[in-house]
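Each reported figure results from applying straightforward, stated rules to the coordinates on display, with no laboratory input. Predicted model only: the values in this text are computed from it and were never measured. As a convention, Cβ positions derive from the backbone with ideal geometry for all residues, glycine included, and neighbour counts pool all protein chains shown.
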Amino acid sequence: MPKSINQHGLYRLKIELKNFIKQLFFLQSKPTRNSELIYDIYHKIREEKLQKLNNFKTPEDYFSDITFLTTDGKLRYSLLNNKIVFGKANFINFKIIEIIEGIMNDSNPSNVIELGSGGGKNLLWFASRYKNINFIGLELSPISVDLARAAAKKYNIKNINFQVCDLTKIETYEHLLTETTFVYSHHTLEEMPRIYKLPLRALKNSSVKLIALLEPVYMFKFSRLFLDISKRLRIKNRDRLIGLKRFCKKNLSKVFYIEIVDLGLAVKPENSTTLVILKRK
Ligand SMILES: C[S@@+](CC[C@H](N)C(=O)[O-])C[C@H]1O[C@@H](n2cnc3c(N)ncnc32)[C@H](O)[C@@H]1O
């Protein structure tokens, strides 16, 4: 049964405290989130989805790929309007995609880029609906790009293009960052804890007018006390993103109006999604 936010927060806090202590006494290794680690993590996940591609009949099925149980067989809880819920992970991802869609529609773009497009589920969902827009996914993991391309072929979606791309290699994609391009990310910069500044600087120096970052920026809320403390510890234990809000305010505020919204939404409650909108001045 869904728990209260404090019960779930305490449960997560215990896990993160245990991990912290184990790492402190060298009983558990501390990961360094670099391109090699990311490559390995996503290779396995996307290989499995590629094998199951036939099970996903439509782009909606392909999008709704989160199961009720986690990989270790536990019930998958999520966060919806700052409440712990069960069985709503795909619904929450739909809510997030609707937020991105609303921002995208405001700017009437001719091109849309997703930074770190993974298996392409967000872009395929958009591209199947917006035939007059050209969608581009930039993704580090080649098998993810293979999967996304195979899915585009399966659903006969033509207005989409996936490229293998390391977002730190700006010269490989800066020509795509044009005035009529809307750029967004969804839980990608979190996988680049030290190097996320490179693509953001490239965006600053480009002529892109509107950017939406949907990333787990650390936002403390007293009503989520234990959950937010566990989120902070998780960032430390797992080498996750920290400092995005500060970086945006310090380095991007001269060229962009910045809006930061705590959405109270998360597929994983301990990793809630924040919306950062960058609008060129
Ligand atoms: C959590 S997944 C999210 C995927 C996708 N945005 C989604 O919502 O389904 C993060 C993605 O970022 C990609 N990524 C991480 N570092 C990257 C980099 N330096 N360049 C390009 N993609 C990267 C990973 O390979 C992974 O597919």
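As a summary of the residue check, residue 188 satisfies the conditions (1) of a type in the set (Val, Ile, Thr); (2) farther than 15 Å from residue 242 by Cβ; (3) touching a helix residue (DSSP H, G or I) at 6+ places or on another chain (Cβ under 8 Å) except for the one numbered (3). Spot the failing condition for residue 57; the list is (1) closer than 30 Å to residue 123 by Cβ; (2) touching a Ser or Thr at 6+ places or on another chain (Cβ under 7 Å); (3) basic (Lys, Arg), and only one is missed. All conditions are met except number (2). Across the stretch 234-263, the qualifying residues are those that are assigned to a strand (DSSP E or B) and surrounded by 17 or more Cβ atoms within 10 Å (Cβ to Cβ), and the one among them that is farthest from the chain's Cα centre (by Cα) is 256. Restricting to the stretch 33-57, and then to whatever is in a loop (DSSP other than H, G, I, E, B) and not basic (Lys, Arg), can you tell me which residue is nearest to the chain's Cα centre (by Cα)? Among those that are in a loop (DSSP other than H, G, I, E, B) and not basic (Lys, Arg), it is 34. For beta carbons closer than 9 Å, sequence separation of 6+ or different chains, a first residue in the stretch 107-123 that is under 13 Å from residue 176 (Cα atoms) and among the small types (Gly, Ala, Ser) and a second that is in a loop (DSSP other than H, G, I, E, B) and more than 6 Å from the ligand (Cβ to nearest atom), the qualifying pairs are 110/132; 110/133; 110/178; 110/180. The stretch 82-188 holds helices (runs of 4 or more DSSP H) entirely within its bounds, and those carrying 1 or more residues that are touching a Pro at 6+ places or on another chain (Cβ under 9 Å), within 26 Å of residue 39 (Cβ to Cβ) and near the ligand (Cβ under 10 Å from one of its atoms) map to 121-127.
Inspection of the stretch 22-37 identifies at least one residue that is touching a residue at least 60 places away in the same chain (Cβ under 8 Å) and either exposed (fewer than 13 other Cβ atoms within 10 Å of the Cβ) or hydroxyl-bearing (Ser, Thr, Tyr) (or both).
The selection criterion, being surrounded by fewer than 17 Cβ atoms within 10 Å (Cβ to Cβ), part of a helix (DSSP H, G or I) and in contact (Cβ under 8 Å) with a residue 24 or more places away in the chain, holds for residue 60. The set of residues in the stretch 207-230 being buried (at least 20 other Cβ atoms within 10 Å of the Cβ) and without any contact (Cβ under 8 Å) to a residue 60 or more places away in the chain consists of 216, 217.
Condition test on residue 213, is it within 28 Å of residue 257 (Cβ to Cβ), within 16 Å of the ligand (Cβ to nearest atom) and in contact with a Pro (Cβ under 8 Å, 6 or more places away or on another chain)? For residue 213, the condition - within 28 Å of residue 257 (Cβ to Cβ), within 16 Å of the ligand (Cβ to nearest atom) and in contact with a Pro (Cβ under 8 Å, 6 or more places away or on another chain) - is not met. Scanning the stretch 63-81 for residues that are of a type outside the set (Asp, Glu) and either outside any loop (DSSP other than H, G, I, E, B) or within 17 Å of the chain's Cα centre (by Cα) (or both) turns up 63, 64, 66, 69, 75, 77, 78, 79, 80. Scanning the stretch 189-202 for residues that are more than 30 Å from residue 60 (Cβ to Cβ) and near the ligand (Cβ under 8 Å from one of its atoms) gives a single hit, 195.
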